[in-house]
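Visitor: Can you read through this structure? Questions will come right after.
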Amino acid sequence: MLAVGCAGDAETAERGSGTTGPLDEVRVASDEAVQIRSISALGGAAGRETPVYLAVRIAVGDYGPLHGQFEVEVDAGLDGECSEAGGRRAAHAVLRTEPVVGVIGTSCTAAAVAAAPLLSEAGLVMISPSNTAPGLTSDLAGNAGEHRHDGYYRTAHNDLYLGRVVAHFLFVERGVRRAAAIHDGDPYTEGLATAFADAFTKRGGTVTASESIHRQAASHAATWDSIAEGEPEAVFVTLFPNEASEVLQHRPTGDFDKVLEVVTTQDFFGAEYLSEPRSAGLYLAGRDARHGDDVNEATGRGVDDVLNRLAAELGEVSAGSYWPQAYDATTLLLDAIEGTSRIEDGVLVVDRAALRDHLSAVEGFEGLTGTLACDAFGDCGAARMAVYQHLDPANPDAVAGNVVFALSR
């Protein structure tokens, strides 16, 4: 594979010094493969076969060779570790290899904050299946987010939608007028807490507190004491599953807890806490996982078909996994590469600028997750949201089928 233009060397990529210049072209010889990469939170998974990474590989196979002759290679998945340091290392690894056209990732917002500027500067595109923080795209009112970079897109929803759904559910459906939020200062958790607080306030509700916890705290009783002072009727816990479990373990007993409605996120699917008696009644908010008969237009594959192949290799796949978004992100990328590339004397020429233009103009792309359309800031997700209620600690998996409220943009 050959790249022409200002691609930058490994030392430049490591420094991220901004010397890569204008967008270039990537040339792929007839005996080479088009290179894409996947950055996700692998968590030390054996063989790196997580649902998200495997969905990327399955999508590449389903899509087939570009223009019927150029194979696509994903290579081993890169671990973004759900941290800025991990995202930075993964981005450097991408830029040190032979010219890569695009990246599917990252899994977590923190990793994207570090990876996106490096990949953007080098001319690549990145499509995330699960980053949801508003700061990576926009405030949905025409203003770019603080971490937004050219070439960044996502098939996941913008958390402003989820914040609005939770606010609507509590205010309208549950009659809540006073609510609090708990986060840990992470760009994702704090961004979602803020999105909820803003939407709840606009509806006429009162946000009594937005508490940031210390991740290493031995006890979170003080957090609950502080929240209780404001006498909220509900609390939105936007933490990652392990932290959310620890915080919920310290929920106070007594009259306050009896009237408190607790909402957490869909990330909590599969958490051990759901097996505990006190978890009954908990609400989980996130994507509507009822994909029904949705079919990806680029491959003709449906949700059940892809899920069955994932399950054959991995066993049970959590309803909270972003594998459908990863499948759609991959086919969206491959469709864009094929749609904007040309063949010259047997060589595939991929124009990086044309690739970004194509993705920015996506409209009406039918995927496993619904109809995708990209706005000027990279938000492409269908944003079909739902609130689930957990009722039976003896059967925690049943929560995925108990949708009590749904809303689409």
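The values are calculated or read from the model by the stated rules, or taken from the named source; none is laboratory data. Quantities reported herein were computed from a predicted structural model and do not represent experimental measurements. Positions of Cβ are generated from backbone atoms using ideal geometry, with glycine treated the same way; all protein chains shown enter the neighbour counts.
Visitor: Determine, yes or no, whether GLY87 is more than 26 Å from ARG301 (Cβ to Cβ) and without any contact (Cβ under 8 Å) to a residue 60 or more places away in the chain.
Guide: Numbers: more than 26 Å from ARG301 (Cβ to Cβ): yes; without any contact (Cβ under 8 Å) to a residue 60 or more places away in the chain: yes.
Here the answer is yes, as GLY87 does meet what is asked.
Visitor: I want to confirm something. Restricting to region 170-196 and keeping residues that are of a type in the set (Gly, Ala, Ser) and more than 24 Å from GLN249 (Cβ to Cβ), which single residue is surrounded by the most Cβ atoms within 10 Å (Cβ to Cβ)?
Guide: Filtering region 170-196 for residues that are of a type in the set (Gly, Ala, Ser) and more than 24 Å from GLN249 (Cβ to Cβ), the one surrounded by the most Cβ atoms within 10 Å (Cβ to Cβ) comes out as ALA195.
Visitor: Regarding region 143-155, can at least one residue be identified that is among the charged types (D, E, K, R), free of Cβ contacts under 8 Å to residues at least 40 places away in the same chain and farther than 21 Å from ALA354 by Cβ?
Guide: Going through region 143-155, the residues among the charged types (D, E, K, R) turn out to be 146, 148, 150, 154.
With free of Cβ contacts under 8 Å to residues at least 40 places away in the same chain added as a condition, the list becomes 146.
Imposing the further condition that a residue be farther than 21 Å from ALA354 by Cβ reduces the set to 146.
Yes, some residue in region 143-155 is among the charged types (D, E, K, R), free of Cβ contacts under 8 Å to residues at least 40 places away in the same chain and farther than 21 Å from ALA354 by Cβ.
Visitor: Can you name the residue in region 89-120 that is modelled with pLDDT under 95 and of a type in the set (D, E, K, R) and is also surrounded by the fewest Cβ atoms within 10 Å (Cβ to Cβ) among such residues?
Guide: ARG96
Visitor: Where residues in region 355-407 are in the same structural domain as GLY270 (by TED's automatic domain parsing) and of a type in the set (S, T, N, Q), which of them is farthest from GLU25 (Cα to Cα)?
Guide: In this case the residue turns out to be ASN395.
To keep it simple, each residue is scored yes or no on (1) part of a strand (DSSP E or B); (2) not aromatic (Phe, Trp, Tyr).
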position: LEU334; (1), (2): no, yes
position: ILE343; (1), (2): yes, yes
position: VAL350; (1), (2): yes, yes
position: LEU355; (1), (2): no, yes
position: VAL362; (1), (2): no, yes
position: THR371; (1), (2): yes, yes
position: CYS374; (1), (2): no, yes
position: PHE377; (1), (2): no, no
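Visitor: Let me ask another. For region 58-77, indicate whether the set of residues that are crowded, with 18+ Cβ neighbours inside 10 Å and in a loop (DSSP other than H, G, I, E, B) is non-empty.
Guide: So far as region 58-77 goes, yes, one or more of its residues are crowded, with 18+ Cβ neighbours inside 10 Å and in a loop (DSSP other than H, G, I, E, B).
Visitor: Could you pull out the residue among GLY123, GLY142, GLY86 that is part of a helix (DSSP H, G or I) and either in contact with a Lys or Arg (Cβ under 7 Å, 6 or more places away or on another chain) or surrounded by fewer than 24 Cβ atoms within 10 Å (Cβ to Cβ) (or both)?
Guide: GLY86
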